[in-house]
Amino acid sequence: MEETKAIIEAIIFASEAPISVDKIREVLSNVEKTEIARHLQDLVAEYENRWGGFLLQEVAGGFQFRTRPDLSSWMTKLMRGKPAMMSHAAMETLAVIAYKQPVVKSEVDRIRGVDVGSSLKSLLEKKLVRIMGRKDVPGKPIMYGTTKKFLEVFNLKDLSELPTLKELKDLQEGT
Amino acid sequence: MGYEVKLDIFEGPLDLLLYLIKKNEIDIYDIPIALITEQYLEHLEMMRYLNLDVAGEYLLLASTLIHIKSKMLLPAQEEGDEENEEEEDPRAELVKQLLDYQIFKDAAMQLEQRPLLERDIFIRGHSVEQQDAETGINETDMELSVFELVEAFYRIFSAAGQKELMEIDVEKMSLTDRINEIMERLSEKKKLTFAELLGDYSDRRMILYTFLALLELMKLRMIRVYQASSFGVIRVVLAAEI
C-alpha cells in the first residue's frame, strides 16, 4: 500500500469525528487535494469490497469508519440498550426544518398544522437543529436549521443528498 | 408510576384529515366536505371519549371544515357577475395545505428509513449513550439542572434540621476537602447516589458542603448528575473519560 494512502487511513482511524479532506491536508500539506480525494475513493472501495464489519463512509463533509447497517441487530445487543427512537412528530418537524431551512417556527407550525414547540425543543436538545439567526421581519423571529450532527446521525454527506421536494412530489403523484 | 395509554395515531389534524381521505378513497382535489366534516367530528368525539387530549388545533380545523361546508352551500355566483367568475374553490387553501403536509410527512418517512447512527450504524469508540449504559443510567434519565439539585438538597436539609443538636466542637472541614473526597469516592465506585454521598451524616454543615461541592463539580463539568423522575434517586457520575 502506498505510504500516503496508509497515512490517510491512519488519520481517519484515529479521529473521533468524520474528518474532512481539508483536515487531512493539514497533516499532508505537500499532497494535492485531488490526490487525497483519489486515495479516499480507493479506501472507500477497498472496505466496500472487503465486506467486513465496517465501511469507510463519507458523512457530514468528512470520512468516518462506520459499522455495516445490516449488522445493527448485533450492535444493539452490544450496546445493551434500545435504540434511541425519535417520535413521528419530531421526525416531521425535523423534515420540515431540513427542507425549509432557514425557517421560523410559525412556518413549521403552519405546515404541520400543530404547535411544534415541544418537538422543536427536543430536536434542539438532541443538537439536530440549531438557531441560525433571526428573520428580518417585525418581531425578529428565530430561524432554525439543521446541524452537522444531523448529517452524522442520518448518514448524509451533505443536505443535497436528501431527495428534493420535487422528487418527493413526483413520487407522491406516482403512487 | 401509573400506566398511561398513549394513542398518538395522528400527528395532528392534517394527519387525521389525510387518513380520512385515504380511507374513503377520495380524490384530494375534490373532497366531499360534508362527508369528511362529519367523519372528522366523529373522530374528535371518539378521541375525547378515549380521554385523549384533543388539542386546540383539531378544533381549529373542525371549524375550518364547517366554514368551508357552509360556503359551499351558498348558491354559485350569478353568471353576470364577471369579476367573481373565477372565484376560488373554498376548499383550495385546505387542499394546498394538505398536499404540502403530505410531502413533508413523506420526507419524514424517508428520513426515518435512512440508516441511523446508533440505531443501524455505529461508530468506533465509546459514545456517550454507551458510557451511560455502562454506568447503569438509562436514556430515560434526565440530566439534572442546578435547580432540581437545589430542590433535592432543600428536602434533605429540612429533614436533617429536625434532629439538629447543639454542637460546639464542629470538626473542621473545607470545601476543597469535600470535593476531593467526593472525587475520590467517585473514581473508586464510578457512580454514587446523592444519599450515599451523604452517608450517615445528617449534620447541616456536612450536607451543605456536600451540596456546594456537587455544585462546584457540576460547574467544572467533572461530574454529571442524573435523576429518573422528580423526587427520584439522584445519581452522581464521573464525567471524565468521555
*Filter the GluC sites (Glu not before Pro) in region A:44-131 down to the DSSP loop ones having no more than 11 other Cβ atoms within 10 Å, then list what survives.*
none
_What does the structure give for A:108-118 when I average, per residue, the other chain Cβ atoms found within 10 Å of the residue Cβ?_
5
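Residue by residue through A:93-101, how many Cβ atoms from other chains fall within 10 Å of the Cβ on average?
Details: counts 3, 5, 10, 7, 1, 4, 4, 1, 0.
Per residue, the average neighbour count from other chains is 4.
A:Ser72: net charge of surrounding residues, Cβ under 9 Å, Lys/Arg +1, Asp/Glu -1, itself excluded?
Details: positive: A:Arg68, B:Arg119; negative: A:Asp70, B:Asp120.
For residues surrounding A:Ser72, the net value is 0.
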_Placed amide H near B:Val233: partners under 5 Å, 5+ positions off or other chain_ = B:Ala228
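Considering the convex hull of the alpha carbon atoms of region B:13-113, report its projected area averaged over all viewing directions, in nm², one decimal. It would help to have the intermediate numbers written out before the result.
Values: hull surface 32.3 nm².
Mean orientational projected area (region B:13-113, Cα hull): 8.1 nm².
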*Shielding by partners for B:97-104, please: the mean number of other protein chain Cβ atoms within 10 Å of each residue's Cβ.*
6
_Per residue of region A:133-138, what does 6.51 cos²θ - 1.76 cosθ + 1.60 with θ = phi - 60° give for ³J(HN,Hα)? Whole Hz please, x for Gly and Pro, Karplus curve as stated._
x, 10, 7, 7, 10, x
*According to the Kirkwood expression over distinct Cα-Cα pairs, how big is the hydrodynamic radius of chain A, in Å?*
18.8 Å
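Over region A:45-131, what number does the Rg to Rh ratio reach, with both radii from the alpha-carbon atoms and Rh per Kirkwood? The partial results should precede the final answer.
Working: Rg = 17.2 Å, Rh = 15.6 Å.
With Rh from the inverse mean 1/r over Cα pairs, Rg/Rh is 1.10.
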*For B:Leu220 and A:Glu173, what does the FRET efficiency come to when R0 = 45 Å and r is the distance between their Cβ atoms, rounded to the nearest 0.05?*
0.20
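Please go through the residue pairs A:Lys126/B:Lys191; A:Lys135/B:Lys96; A:Lys23/A:Lys148 and name each one whose alpha carbons sit more than 18 Å apart in this structure. Each step should come with its number before you reach the end.
Values: A:Lys126/B:Lys191 24 Å; A:Lys135/B:Lys96 25 Å; A:Lys23/A:Lys148 16 Å.
Pairs exceeding the cut-off: A:Lys126/B:Lys191; A:Lys135/B:Lys96.
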*Please give the net charge around A:Gly133, taking every other residue with its beta carbon less than 14 angstrom from that of A:Gly133, where Lys and Arg add +1 and Asp and Glu add -1.*
+4
*Quick one: if the Förster radius is 30 Å, what FRET efficiency do A:Met85 and A:Lys135 give, using the C-beta to C-beta distance and rounding to 0.05?*
0.40
*With point charges of +1 on the Cβ of Lys and Arg and -1 on the Cβ of Asp and Glu, referenced to the Cα centre of region A:99-173, which listed residue (A:Leu156, A:Pro138, A:Leu120) lies farthest in the positive direction of the dipole?*
A:Pro138
*With a sphere of radius 12 Å drawn around the Cβ of A:Thr4, what net charge do the other residues whose Cβ falls strictly inside it have (Lys, Arg +1; Asp, Glu -1)?*
-3
*Quick one: putting +1 on the C-beta of Lys and Arg, -1 on the C-beta of Asp and Glu, what dipole do you get for chain A around its Cα centre, in Debye to the nearest 20?*
940 debye
_To check my understanding: the extent here is largest minus smallest coordinate of the Cα atoms along each principal axis. What are those three numbers for region A:88-174, in Å, largest first?_
40, 28, 25
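How large is the convex hull of the C-alpha atoms of region A:3-73 per residue, in Å³?
Numbers: hull volume 6.0 nm³, N = 71.
Cα-based convex hull of region A:3-73, divided per residue, equals 85 Å³.
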*Separation of the A:Glu2 and A:Val31 label points, Cα + 7 Å toward Cβ, nm*: 0.8 nm
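Values in this text are rule-based calculations from the coordinates and carry no lab data. Owing to the predicted nature of the structure, the values given are computational and were not obtained by experimental measurement. Cβ atoms come from the backbone with ideal geometry, glycine included; neighbour counts cover every protein chain shown.
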